[in-house]
Structures are given as C-alpha cells and as structure tokens.
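Below is one structure, written out as structure tokens, with a few remarks after it.
The values are calculated or read from the model by the stated rules, or taken from the named source; none is laboratory data. Remember, it's a predicted structure, so these values are computed and weren't measured experimentally. Virtual Cβ from ideal backbone geometry, glycine too; neighbours counted across all protein chains shown.
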Amino acid sequence: MRILKISDVYFPRVNGVSTSIRTFARELQQQGHEVTLIAPAYPTPLDDSFEVIRIPSRYLFVDPEDRLMQRRALRRHLPRLQRRNFDIIHIHTPFAAHYEGVWLSRQLGVPVVETYHTYFEEYLDKYLPWLPRKVLRYAARHFSRTQCGVLDAMVVPTRPMLDVLHGYGVTTPAGIIPTGIPAGAFSGGNGARFRARHDIGDDRQLMLYVGRVAHEKNIDFLLRVIDRVRHSHPRSLLVVAGEGPATRHLHKLSTSLGLERHVRFVGYLSRETDLPDCYAAGEVFVFASNTETQGLVLLEAMQAGTPVVSTAVMGTAEVMADRRGGLVAAEDVGDFADKVRRLFDDPALHARLRAQASAKAAGWSVEATTARLLELYGSCTAAHAGHRHAAIESA
C-alpha cells in the first residue's frame with residue numbers, strides 16, 4: 001500500500017503528534033508499505049527512514065515552535081504526487097494540513113482519513129486566554145464537527161475521545177487506534193548513567209515528568225505537588241524533561257516557591273539514547289494533564305518499569321482504567337502528593353506496580369496497532385473503489 005501522510009508538525013518539532021507519525025510510519029515501512037510524509041520545513045533540517053517532503057513554512061506568532069506551510073509551495077508538488085499512485089491520504093493535524101490533505105484527496109482520487117490527536121475544547125483557552133471560554137468551546141466543537149464531516153474515516157486514540165466527538169454530533173466512521181510502542185524502545189535504560197550525567201545523587205527520590213513543557217500539560221500542578229512532598233521527603237526531586245512555551249513561566253514559579261533544590265529542568269532528551277536512561281532513573285512518573293487524547297508517555301514510562309501516579313482524564317483514564325502499573329490521583333495537591341509518598345515509602349507496593357507496568361506496556365505493541373490501522377485503510381479504499389464503480393455504472 002502507498003500511503004501519503006500530511007501534518008503541520010513533525011520532527012525536529014517534538015510532541016506527541018510527531019512521535020505518533022514516526023512510530024506508525026516506520027512500522028508500516030517495516031511491514032513492506034510505502035510511506036511519504038508532507039510536513040513543514042524547519043530551520044534545522046532532519047531526515048528520516050521514510051520519504052519526507054519538506055514544504056517552505058513561516059513562523060506562527062501564537063506558538064514559536066510551530067510553522068505554517070505555504071499553500072502554493074505545497075501544491076507545486078501535485079504533478080509529482082499524481083505519478084505516485086497513492087492508495088490513501090492520512091491527515092494528522094487540523095490546520096493547513098487538513099485543508100490541503102482534503103484537496104489532495106480530491107485531486108488524486110483517493111480516500112482521506114484523519115487522526116484526531118488534540119482535545120481542542122480543553123486546549124484553546126491556554127493559548128487564547130483573552131477570549132471567553134464559552135466562545136472557544138463552541139468554536140472548537142463546530143470546527144471539529146465541520147472538519148470530521150468531510151473525511152472518509154477518522155482515527156481516534158481512545159474511546160473517551162470518540163465519545164467526545166459523538167457528543168459534538170460527529171458521525172464519520174472511526175477506528176479507535178492508539179499509537180502503540182515499539183518493543184524494547186524504553187526498557188533498556190541506565191538510570192545510574194542519567195543521574196551521573198545530571199549530577200543527581202543516588203539518594204534523591206526522583207519524580208519524573210517527560211513531555212512538552214506547555215501550559216495545557218498542567219506542570220504548575222506538579223510543582224505544587226513537589227512543594228508538598230519535599231517537606232516530608234527532603235531528598236525528593238522533580239525532573240522535568242522537555243521543552244516548550246511554558247518553560248520560562250515554570251522557572252519563575254519554581255523560584256517563587258523556593259524549589260531550586262527540588263526541581264531540575266533538563267530540556268529535550270533524545271528518544272533513542274537519553275530518554276530511556278531518564279525513564280529508568282525515576283522512582284515515580286507523574287502526570288496531570290487534562291487534555292491528553294492518549295497519554296502515550298505513561299506507557300513509555302511503564303515499559304521502562306517506572307510506576308505512574310497520574311490523574312485519569314480522557315486518554316490517561318483509558319490507560320489507567322485497570323489500575324495496573326500505577327496509582328490514580330485526583331487533581332488535588334494533597335491527594336496526589338500522598339500517592340507519590342506511598343510509592344516512595346512502600347518498597348513492596350513499588351515492586352508490584354513496577355512488574356505490572358512492564359507487563360501492561362507489552363500489551364500496547366505498535367505491531368498490533370498498525371495492523372488495526374491497515375484494516376481501517378483497507379475498508380476505506382474498498383468503499384472508495386465501490387463508490388467509484390457505482391458512479392461509472394450509473395453514468
């Protein structure tokens with residue numbers, strides 16, 4: 001199968017969408033399929049194991065990390081794409097990529113699917129705080145309903161996200177297909193090496209956050225949790241691994257809370273080298289975002305054998321539904337801190353959850369989720385061919 005993917009973000013821009021695209025594309029390629037991705041050009045070039053067509057792009061004032069692809073530059077690739085005989089187009093983001101992806105599907109005469117990666121209803125107010133939340137929620141719902149209505153099918157990572165879309169009135173066929181994790185990707189890390197590299201003593205009790213350092217990730221809350229934990233556990237340390245637009249704000253909050261000895265910002269870590277070591281170093285992985293459509297980082301931490309303390313909202317609710325591999329906490333500083341302290345203080349509980357975490361992550365393999373994605377692609381191409389045949393017969 002020849003698959004054309006299109007996205008407004010991709011590496012070197014680090015986020016869950018980029019990770020999902022690369023994970024599926026590499027596995028599809030491994031299974032013998034051809035993958036081409038259309039994505040913005042960034043100041044720092046980056047190649048991949050599959051074909052990536054980089055489109056000239058411009059800076060976006062609302063988020064300096066993102067780029068907007070130039071429509072004319074993208075459409076100049078149409079003759080080249082028409083010669084490739086793609087079977088399907090898969091859109092990954094709802095901005096320029098959505099509209100150009102739909103346009104390309106009409107030009108190439110192939111079906112189009114889109115992954116709903118971002119829970120916009122709980123996201124927009126973090127970046128447009130001057131607009132009333134009620135207006136933003138209405139806009140997000142209308143926007144989602146309109147975009148989903150022009151697709152042949154949708155991919156959603158979890159059942160809660162699909163339920164939200166159904167609540168909006170979306171009726172487009174959909175498959176629940178989480179990204180999945182490559183076997184062994186995070187299970188071979190060396191925690192001692194990470195601690196030595198960042199001058200973190202062996203006696204420090206380490207809480208770990210990995211992900212984009214963005215306002216919607218609720219990292220403010222985690223700073224207040226470590227502020228509570230440190231009073232009973234003076235050797236506790238919160239490590240924040242990642243980069244993003246909330247970094248300056250979080251540094252200021254950390255200083256205002258007097259957390260200089262209890263919070264360490266280590267920046268972006270390579271997924272192939274440094275990140276496995278980071279996961280292995282943590283006693284507890286902590287997460288409190290309310291906007292996750294999947295919560296992939298929880299599974300990455302679990303594959304490394306690191307128990308989780310997390311709220312359970314949307315995607316994280318599905319990951320934590322069986323209560324294995326970690327503890328579910330309320331979005332309450334006291335309750336969350338108590339759960340962290342339990343894992344610090346109870347070696348038997350920590351060992352039991354650690355074993356559960358490793359076993360649980362093994363059940364979210366990328367091989368299985370890619371098989372489900374290919375089934376969705378196949379049903380779309382078959383339905384599209386049937387419609388085309390019926391149109392020819394009726395002409």
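Here are the numbers for the structure shown:
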{"read-out": "All helices (runs of 4 or more DSSP H) inside region 151-235 with 1 or more residues being over 30 Å from E114 (Cβ atoms)", "value": "191-197, 219-232"}
{"read-out": "Looking only at region 150-168, and only at residues there that are in contact with a Pro (Cβ under 8 Å, 6 or more places away or on another chain) and surrounded by 21 or more Cβ atoms within 10 Å (Cβ to Cβ), the one that is farthest from I89 (Cα to Cα)", "value": "T158"}
{"read-out": "Pairs, first over 18 Å from R230 (Cβ atoms) in region 183-204, second of a type in the set (D, E, K, R) and in a helix (DSSP H, G or I), C-beta under 6 Å, six or more apart", "value": "F186/E300; G189/D277; N190/D277; R193/D277; F194/D277"}
{"read-out": "Conditions (1) among the small types (G, A, S); (2) modelled with pLDDT under 95; (3) surrounded by fewer than 13 Cβ atoms within 10 Å (Cβ to Cβ): number failed by G32", "value": "(2)"}
{"read-out": "Answer residue from region 16-60, given it is closer than 23 Å to Y99 by Cα and in a loop (DSSP other than H, G, I, E, B) and is farthest from the chain's Cα centre (by Cα) among those", "value": "P56"}
{"read-out": "Yes/no for L78 being at pLDDT below 95 and not acidic (D, E)", "value": "no"}
{"read-out": "Residue check, R13 assigned to a strand (DSSP E or B), out of contact with any Ser or Thr (no Cβ under 9 Å at 6 or more places or on another chain) and closer than 28 Å to T247 by Cβ", "value": "no"}
{"read-out": "Residue in region 233-247 that is touching a residue at least 60 places away in the same chain (Cβ under 8 Å), of a type in the set (A, V, I, L, M, F, W, C) and buried (at least 20 other Cβ atoms within 10 Å of the Cβ) present", "value": "no"}
{"read-out": "Unmet criterion (only one of (1) assigned to a helix (DSSP H, G or I); (2) modelled with pLDDT of 80 or more) for E121", "value": "(2)"}
{"read-out": "Residue that is nearest to T316 (Cα to Cα) [pool: residues in region 133-161 that are among the β-branched types (V, I, T) and touching a residue at least 24 places away in the same chain (Cβ under 8 Å)]", "value": "T158"}
